[in-house]
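**Student:** One structure follows; several queries about it will come next.
The values are calculated or read from the model by the stated rules, or taken from the named source; none is laboratory data. Nothing here was measured: the structure is a model prediction, and the numbers come from that model. As a convention, Cβ positions derive from the backbone with ideal geometry for all residues, glycine included, and neighbour counts pool all protein chains shown. Remember, those area values only see protein heavy atoms, side chains included, never the ligands or the DNA or RNA. Shrake-Rupley method; radii C 1.70, N 1.55, O 1.52, S 1.80 Å.
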Amino acid sequence: MSQHHTITALVQNEAGTINRLVSMFRRRGISLASFNAGDCEQDGYSRLTMVVDGDETLLHQTVRQLEKLIDVVEVEDLSQEHSLSRELALIRVDCEESQRTPVYNLVNEFYAKTPRSTPQSLFVEFAGATPEVERLLTALEPYSIGEIVRTGVVAMGTESNL
Amino acid sequence: MRSGARIVMEALVREGVDTIFGYPGGVVLPLYDEMLNWPQVKHILVRHEQGAAHMADGYARVTNGVGVCLATSGPGATNLVTGIANAMMDSIPLVAITGNVNSWAIGKDAFQETDIQGITIPITKHNYLVTNVDDLPGVLAEAFYLANTGRKGPVLVDIPKDVFIAKTDAPFPTVVARRGYTIPGAPPKSQIDEVIKLIAESERPVIIAGQGILASGSSDLLKELAEKAHIPVINSLLGLGNFPRTHELSLGMMGMHGEAAATMAVQEADLVMGVGIRFDDRLTGDTKTFAPKAKIVHFDLDPSEVGKTVSPIAWVVGDLKLALESLVPQVEPKRHDAWVSQVKNWQARYPLHVPEGKFLSRTVLRALNEHTQGTAIVATDVGQHQMWTAQFYKIQQPYNWISSGGLGTMGFGFPAAMGAKCARPDDEVWAVVGDGGFQMTLQELQTAVEYGINVKICLLNNGYLGMVRQWQELFYDNRYSHVAMGSPDYGKLADAYGVRFFRCSRTEDLEETLKEAREHKGPVLCEFVVEMEENVYPMVPAGTNNSNVIMDPELPKQTAGANK
Ligand SMILES: Cc1ncc(C[n+]2csc(CCOP(=O)(O)OP(=O)(O)O)c2C)c(N)n1
Ligand SMILES: [Mg+2]
């Protein structure tokens with residue numbers, strides 16, 4: 001059964017590291033729903049969060065192929081229960097200042113933020129699990145969404161390392 | 001303080017490399033200058049960088065060590081690409097060193113700049129762009145280490161010109177360790193125990209033994225296992241040589257053009273032990289119908305191979321030698337007389353067949369095998385002649401067989417044979433090539449002559465891209481599209497290069513030709529003008545059921561009865 005799987009990897013930062021990882025996904029036809037890289041608690045290393053679409057066999061292959069890459073130090077397959085996963089969305093809602101009350105209501109309901117506003121647009125910032133982000137986007141739809149930027153998922157295990 | 005160029009030479013000496021294969025150019029000038037100070041490292045100047053990569057590959061295969069090739073930036077580096085991909089597909093340890101433009105010019109489309117690191121990411125085990133000379137000793141030590149440990153493979157080190165010139169005191173590391181890279185060790189005992197049980201329970205077991213046996217140096221253990229538990233041994237194309245081909249338990253190669261008895265044995269077996277193979281599609285045919293009656297066990301040191309193409313019920317993941325060292329003493333001695341005699345029966349009924357009265361590629365290869373008793377090193381090119389050599393040349397010893405399996409690279413055979421001869425100058429080395437593939441890299445004849453690389457070339461000239469012609473005959477209704485291929489006058493060509501030449505087109509002359517070719521001290525080109533439209537059998541059409549082996553239609557009637 002095809003579904004989203006979240007994988008994290010600790011990688012050594014070298015020339016070409018990201019290229020090498022992405023190349024592996026492309027070459028083996030594994031589709032990436034999201035890919036995130038950033039500094040982590042260890043100098044010279046990055047931690048990546050990747051979401052792949054596919055069945056268990058594909059997930060297994062992906063993990064094995066990632067582990068084979070020399071710059072990859074460790075790979076973790078995060079099951080839903082024992083992980084924390086978040087993404088950040090910036091949403092530009094193009095509505096007149098006079099009509100923003102319902103938008104602010106939604107912002108409050110979701111504990112979102114509005115870091116900026118202009119006469120034409122209200123900028124909404126929201127961090128949450130992917131289904132929450134989807135829910136907010138659906139709720140904002142009637143108020144004319146001008147642009148959406150999402151970071152994709154970052155995730156970490158909550159039990160496995162103990 | 002010493003220069004980056006000197007560090008490269010120091011690294012070669014530290015790694016015990018006595019021969020490298022390369023071609024100079026602008027950005028590697030500092031290295032070529034330094035090379036003059038290091039007579040202990042022999043440099044073979046090739047005629048095309050692809051040849052350098054294939055020579056390093058052949059050198060690696062016959063020594064079970066690392067081969068080294070060297071090229072300049074841009075076109076020099078890109079000319080290596082086919083050879084690197086070839087080594088990757090066959091897990092051959094190669095270190096490819098390329099020069100690049102000065103580090104400050106990288107990314108500015110400088111003259112002869114090419115992103116060889118980016119280009120070779122999917123075809124190397126790992127690669128480096130070294131922009132700081134202080135990193136160079138560590139990178140080179142690591143490159144050799146990565147190439148030749150774990151699942152072996154090619155590693156490329158790209159070095160900008162200024163890094164060859166820059167100086168450093170940075171020492172070579174005393175130990176190479178890389179976080180997150182572990183060399184697989186002994187497999188868990190539970191996995192070995194499971195296999196012992198499966199062998200004990202089996203009635204019709206087979207072993208399919210591949211290159212992993214060679215890479216891990218386990219040929220003797222394989223033989224012990226087969227004899228102790230009385231299990232027939234089949235080879236993948238690259239595994240040839242890991243088990244003596246004249247051993248009574250040897251069934252030869254299986255798969256698309258494998259021997260019928262070997263392929264049939266797997267289809268009938270109740271236990272299939274894949275040992276150091278990757279169940280490649282040329283071997284399995286349609287995986288859904290592969291070994292339908294068998295429990296499959298997979299021995300591999302690379303966990304990503306397990307379950308990649310077939311679904312084993314048990315696996316042994318780890319160092320193959322350690323696995324066999326633990327398995328062999330514990331296996332119960334057994335006899336499978338009924339099974340082995342059934343398999344022998346198939347062998348007798350569906351033998352490899354050489355029709356008499358014609359001058360065929362098979363006639364030549366059978367004779368070559370008889371002359372050398374299967375003891376020469378043989379490198380093949382790619383095509384029909386490759387399959388016939390795998391079938392008829394009964395390789396006796398490990399590390400004597402060189403063939404491009406995964407990539408199927410035409411043009412590989414002759415330079416690979418040269419690399420092998422450089423590595424083992426006292427051994428007889430034959431390159432078996434077709435007229436198509438030979439014309440891809442024959443410029444290396446000059447290299448062979450200049451350095452006195454004494455390889456014997458068995459050129460099977462059928463006037464066709466034979467393997468493609470065969471598919472057009474069988475699957476495209478005899479419509480030959482661009483497969484008839486002309487050749488130069490090879491006698492004149494050999495003369496021009498100063499290579500000893502023989503042309504043979506009759507069975508009567510075969511003995512004399514082979515005898516003289518073998519006796520001649522120096523490179524020899526033997527052109528065998530063979531039957532043009534000869535087909536390779538048995539055959540399992542690509543991606544179909546291995547149970548439907550197409551037998552040689554020319555098999556004598558009393559044996560060909562079961563032609564399905
Ligand atoms: C570089 C490359 N190009 C094309 C092919 C496809 N191919 C496979 S076998 C073959 C024919 C080889 O002809 P020849 O070298 O004469 O050998 P023969 O089959 O006649 O023995 C071709 C074109 C290949 N394997 N490698
Ligand atoms: Mg030919």
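**Student:** Give the share of C-alpha pairs in each 10 angstrom bin for the stretch B:395-476, from 0 to the last occupied bin, in whole percents, shortest bins first.
**Tutor:** All Cα pairs, binned at 10 Å, distribute as 17, 46, 28, 9, 1 percent.
**Student:** What distance in nm lies between label points placed 7 Å from Cα along the C-beta direction at A:Ala129 and B:Asp115?
**Tutor:** 3.9
**Student:** Per 0.36 nm of contour for each residue apart, how much would the distance between A:Glu97 and A:Gln3 grow if the chain were fully extended, relative to their Cα-Cα spacing?
**Tutor:** Here the segment from A:Glu97 to A:Gln3 would lengthen by 29.8 nm.
**Student:** Sticking with this structure for a sec: Starting from the Cα of B:Ser341, step 7 Å along the direction of its Cβ; do the same at B:Met532; then give the gap between the two resulting points in nm.
**Tutor:** Using points 7 Å along Cα→Cβ, the separation is 4.9 nm.
**Student:** Residues with beta-carbon under 14 Å from that of B:Asp115, excluding B:Asp115: net charge, scoring Lys, Arg +1 and Asp, Glu -1?
**Tutor:** Once positives and negatives cancel, what remains is -1.
**Student:** Based on DSSP H runs of at least 4 residues, each adding -39500 (n - 2.57), what is the mean residue ellipticity at 222 nm of the protein assembly as shown after dividing by all its residues, to the nearest 500 deg cm²/dmol?
**Tutor:** -10500 deg cm²/dmol
**Student:** Between B:Arg506 and B:Asp477, how high is the FRET efficiency from 1/(1 + (r/R0)^6) when r is the Cβ-Cβ distance and R₀ = 22 Å? Nearest 0.05.
**Tutor:** 0.10
**Student:** Please sort B:293-304, B:319-330 by packing, taking for each peptide the average over its residues of neighbouring beta carbons within 10 angstrom, highest first.
**Tutor:** Highest-to-lowest ranking by the protection proxy: B:293-304, B:319-330.
**Student:** Shape verdict for the stretch A:84-157, please, from the Cα gyration tensor: rounded (a/c under 1.5), prolate (a/b greater than b/c) or oblate.
**Tutor:** Prolate, since a/c reaches 1.5 and a/b exceeds b/c.
**Student:** With a Cα-only, solvent-free Debye model of the stretch B:209-296, what are the log10 I(q)/I(0) values at q = 0.14, 0.20, 0.26 Å⁻¹?
**Tutor:** -0.42, -0.89, -1.50
**Student:** Continuing with the same structure: Given the convex hull over the Cα atoms of the stretch B:277-377, what projected area results after averaging over all orientations, in nm²?
**Tutor:** For the stretch B:277-377, averaging the hull's shadow over all directions gives 10.3 nm².
**Student:** Relative contact order of the stretch B:2-168, please, whole-number percent, based on alpha carbon pairs below 8 angstrom and at least 6 residues apart.
**Tutor:** Once divided by the residue count of the stretch B:2-168, the mean separation gives 28 percent.
**Student:** I'd like the FRET efficiency for B:Gln397 and A:Glu81, computed as 1/(1 + (r/R0)^6) with the beta carbon distance as r and R0 of 60 Å, rounded to 0.05.
**Tutor:** Efficiency at R0 = 60 Å is approximately 0.60.
**Student:** For the stretch A:3-78, how big is Rg over Rh, using alpha carbon atoms and the Kirkwood form of Rh?
**Tutor:** 0.93
**Student:** Can you flag which of B:Lys42/B:Lys161; B:Lys152/B:Lys334; B:Lys358/B:Lys521; B:Lys492/B:Lys521 are past 26 Å Cα-Cα?
**Tutor:** B:Lys152/B:Lys334; B:Lys358/B:Lys521
**Student:** Okay, next question. Which three semi-axes in whole Å describe the equivalent ellipsoid of chain A, each the square root of 5 times a Cα gyration tensor eigenvalue, listed largest first?
**Tutor:** 35, 16, 15
**Student:** Can you grab the distance from the C-alpha centre of the stretch B:134-195 to the C-alpha centre of the stretch B:365-444, Å, no decimals?
**Tutor:** Using only Cα atoms, the two centres lie 30 Å from each other.
**Student:** Please compute the length gained on full extension between B:Thr174 and B:Ile196, using 0.36 nm multiplied by the number of residues separating them and subtracting their Cα-Cα distance.
**Tutor:** 3.9 nm
**Student:** Going by accessible area, probe 1.4 Å, with all protein chains left in place, what is the ranking of B:Asp162, B:Asp169, largest first?
**Tutor:** B:Asp169, B:Asp162
**Student:** Quick check on packing: order B:379-386, B:444-451, B:479-486, A:16-23 by the mean number of other C-beta atoms within 10 Å, highest mean leading.
**Tutor:** For the peptides B:379-386, B:444-451, B:479-486, A:16-23, the packing ranking is B:379-386, B:444-451, A:16-23, B:479-486.
**Student:** Let me ask something additional. Give me the number: length gained by fully extending B:Thr287 to B:Thr544, i.e. 0.36 nm times residue separation minus the C-alpha to C-alpha distance, one decimal in nm.
**Tutor:** Once the chain is fully extended between B:Thr287 and B:Thr544, it gains 91.7 nm.
**Student:** Divide, for chain B, the radius of gyration over alpha carbons by 2.2 N^0.38 Å, where N is the residue count.
**Tutor:** Normalised by 2.2 N^0.38 Å, the Cα Rg of chain B equals 0.98.
**Student:** What do you get for Rg/Rh over the stretch A:63-106 if you use C-alpha atoms and the Kirkwood form of Rh?
**Tutor:** Taking Rg over the Kirkwood Rh, I get 1.37.
**Student:** I'm checking a number: the convex hull volume of the Cα atoms of the stretch B:161-211, normalised per residue, in Å³. What is it?
**Tutor:** 166
**Student:** Any chance you could look up the accessible area of A:Asp39 with a 1.4 Å probe, heavy atoms only, rounded to 10 Å²?
**Tutor:** We get 140 Å² for A:Asp39.
**Student:** Related question: What Kirkwood hydrodynamic radius do you get for the protein assembly as shown when you take the inverse of the mean 1/r over all pairs of distinct Cα atoms, in Å?
**Tutor:** This gives a value of 28.3 Å.
**Student:** Okay, next question. Please compute the Kirkwood hydrodynamic radius over the stretch B:51-113, one decimal place, Å, based on all pairs of different Cα atoms.
**Tutor:** 12.2
**Student:** Here is a further query. Just to be sure I understand: if you take the accessible area of chain B alone plus chain A alone and subtract the pair, with a 1.4 Å probe, what total do you get in Å², rounded to 100?
**Tutor:** 1700
**Student:** Mind checking B:118-127 for the average number of partner chain beta-carbons within 10 Å of each residue's beta-carbon?
**Tutor:** Per residue, the number of nearby Cβ atoms from other chains is 4 on average.
**Student:** Just the C-alpha atoms of the stretch B:2-168: what Rg/Rh do they give, with Rh taken as the Kirkwood radius?
**Tutor:** 0.92
**Student:** Shielding of A:65-76 by partners, i.e. mean partner chain Cβ atoms within 10 Å per residue?
**Tutor:** Neighbouring Cβ atoms belonging to other protein chains average 4 per residue here.
**Student:** Determine, at each q value in 0.13, 0.17, 0.18 (inverse angstroms), the log₁₀ of I(q)/I(0) that the Debye formula gives when each Cα of the stretch B:189-349 is one equal point scatterer.
**Tutor:** Listed by q, the Debye log ratios stand at -0.50, -0.92, -1.06.
**Student:** Still on this structure, I have one more. Pairing the Cα long axis of helix B:466-475 with the longest principal axis of chain B, what angle in degrees results, from 0 to 90 and rounded to the nearest 10?
**Tutor:** Taking Cα atoms only, the helix is inclined about 50 degrees.
**Student:** Taking the simple approach of a point 7 Å from Cα along Cα-to-Cβ for both B:Ala496 and B:Arg2, what is their distance in nm?
**Tutor:** 4.4
**Student:** Take the Cα atoms of the stretch B:361-529, find their three principal axes, and give me the spread along each one in whole Å, biggest first.
**Tutor:** Here the Cα extents, ordered largest to smallest, are 48, 36, 34 Å.
**Student:** What FRET efficiency comes out for the pair B:Lys334/B:Gln443, r = Cβ-Cβ distance, R0 = 60 Å, nearest 0.05?
**Tutor:** The computed FRET efficiency comes out at 0.65.
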